[in-house]
Amino acid sequence: MNRTQVAIIGGGPAGTLLSHILRRHGVESVVLERRSKEYVLGRIRAGVLEQGSADILREYGLGDRMDREGQAHDGVYLAYRGGRFRVDFRELAGSSVMIYGQTQVQKDLYDVVDAEGGVIIDEVEDVRLHGLTDDRPAVTYVRQGVEQRMECDFVAGCDGSHGVSSSSIPDIVTYERNYPFGWLGILSETPPIAEELIYANHPRGFALCSMRNPMLSRYYVQCDIDADVSDWSDDRFWEELAARLPDDAVTSLVTGPSIDKSITPLRSSVAEPMSHGRLFLAGDAAHIVPPTGAKGLNLAISDVVYLSRALVDFYASGATRALDAYSDTALARVWKAVRFSWWMTTLMHRFEEDGSFGPKVQEAELEYLSESPAARTAMAENYIGLPL
Ligand code: APR
Ligand code: PHB
């Protein structure tokens, strides 16, 4: 019979970071992941780490490659009405963010888990949770056609937005907003357009210029919710991007073949509560934010910090206070990031249903931000990340 202290469902950033932090504190876990390791490591996701997230990664020995290859950014540009202004995080909020892809974070996590003898079982099917309100919970799953059973003290549901864990919480309530558009994103081996990110509000729709390193750029344009990637040639993408950026930026745009192109729908969603008996949700399993503001990975990290502290407390002293408070503690921070992502999404995108009124209010707010250090400070402190 298999047994571990914490059974972790899902080997994305939330599940693997939780496993790693727990091991550093002497708590054992097993990660059960539905996909293959190659698949998990090949996924392209966001690329901005809050200062607090970067500090956590450093604290747990995951900072070396990030500090070597990542770039600290002290601000971002907001573009509208043909011009742009900068929001200076360092001046306004005393800190910066780290540009380092989630794909890299995920690889660093798998490497450290492997190096330190952690257990990630991949390609598992039909994961089911049992006995969550008993003292002896268990997880069953099928691997290579054989059903297995893992007994545990706790289950961590880190299985993303399509996982099984949240559906094991009987009276869960989901608060949701679906946005009527998506982001079409490309990755290209070209130098970034600017030294910092540019978020652009434009009558043709939102655009974002981001990057991974000095020869790898990530660009997005707002697209129809039912857009088809095959209708978007590279040429069409570059033309559309250029049309939405200020002229002074476009002169520095270097185009090239895309090495990845995909569409992401935008939505906000929060499930409450984030725990049930001995099950605790973390990351996308409990909440989704639209990518504007890059909070998804950072929220997964903050959930894992709260949950690992609570589990470590329990194993050190038998105290359940932090575990009992976990859902409320995590949700308080989650909702503030949900609010910020919603605010930035609402400020920067074209909403057809808002007619001609919406863009006027957006322009007024962008002008106010450009003029008011107080308004920019509010944005800066949320962008760099609220305290953990
Ligand atoms: N059984 C086992 N594993 C599962 C199951 C299941 N039934 N369902 C899903 N999974 C796995 C997925 O294959 C995935 O690898 O759970 C993992 C969840 O990982 P993520 O989706 O990356 O979610 P999370 O770890 O919470 O990380 C959040 O990822 O989606 C981005 O924007 C998000 O940046 C944020 C971060
Ligand atoms: C990205 O680089 O993929 C990225 C950056 C900032 C965002 C969203 C995505 O707000």
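The values are calculated or read from the model by the stated rules, or taken from the named source; none is laboratory data. Here the structure is a predicted model, which means the values were calculated and not measured. Neighbour counts are summed over all protein chains in view; Cβ atoms, including those assigned to glycine, are modelled from backbone coordinates with ideal geometry. Accessible surface is based on the protein model in full, side chains and every heavy atom, while ligands, DNA and RNA are left aside. Shrake-Rupley method; radii C 1.70, N 1.55, O 1.52, S 1.80 Å.
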Problem set entry | Per residue, in Å², the accessible surface of the chain once ligands and nucleic acids are set aside, probe 1.4 Å | 42
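Quick one: length gained pulling D64 to R45 fully straight, 0.36 nm per residue minus the C-alpha distance? Kindly include the intermediate steps, with their values, before the conclusion.
On the way: separation 19, 0.36 × 19 = 6.84 nm, distance 2.05 nm.
Here the segment from D64 to R45 would lengthen by 4.8 nm.
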Problem set entry | Karplus-derived HN-Hα couplings along segment 106-114 (A = 6.51, B = -1.76, C = 1.60, θ = phi - 60°), whole Hz, x at Gly and Pro | 5, 5, 4, 5, 4, 4, 6, 5, 4
For this session: Please compute the net charge surrounding Q104, taking Lys and Arg as +1 and Asp and Glu as -1 over other residues with Cβ under 11 Å from its Cβ.
Result: +2
For this session: Could you let me know the centre-to-centre spacing of segment 310-388 and segment 239-307, using Cα atoms, in angstrom?
Result: 13
Exercise. How long is the gain from D135 to D114 if the chain were fully straight, where each residue apart is worth 0.36 nm and the alpha carbon distance is subtracted?
Worked result: 4.5 nm
For this session: Using Cα centres only, tell me the gap between segment 113-133 and segment 208-225 in whole Å.
Result: 34
For this session: Take the solvent-accessible surface of the protein heavy atoms, probe 1.4 Å, and return the percent of it on the chain that carbon and sulfur atoms account for.
Result: 48
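For the ranges 17-23, 143-149, what's the packing order if you count other beta-carbon atoms within 10 Å of each residue, average per peptide, and put the highest first?
Details: 17-23: 25.4, 143-149: 10.6.
Per-residue Cβ counts within 10 Å, averaged per peptide and sorted highest first, yield 17-23, 143-149.
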Problem set entry | Residue (of L109, N2, L366) at the positive-pole extreme of the chain, dipole from beta-carbon charges | N2
Problem set entry | Per residue, the convex hull volume that the Cα atoms of segment 168-253 enclose (Å³) | 155
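Using a Cα distance threshold of under 25 Å, what count of lysine pairs results for the chain when pairs must be 8 or more residues apart or interchain?
Total qualifying Lys-Lys pairs in the chain comes to 7.
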Exercise. With the Cα gyration tensor of segment 107-180 giving a ≥ b ≥ c as the square roots of its eigenvalues, does the rule (a/c under 1.5 for rounded; else a/b larger than b/c for prolate; else oblate) give rounded, prolate or oblate?
Worked result: oblate
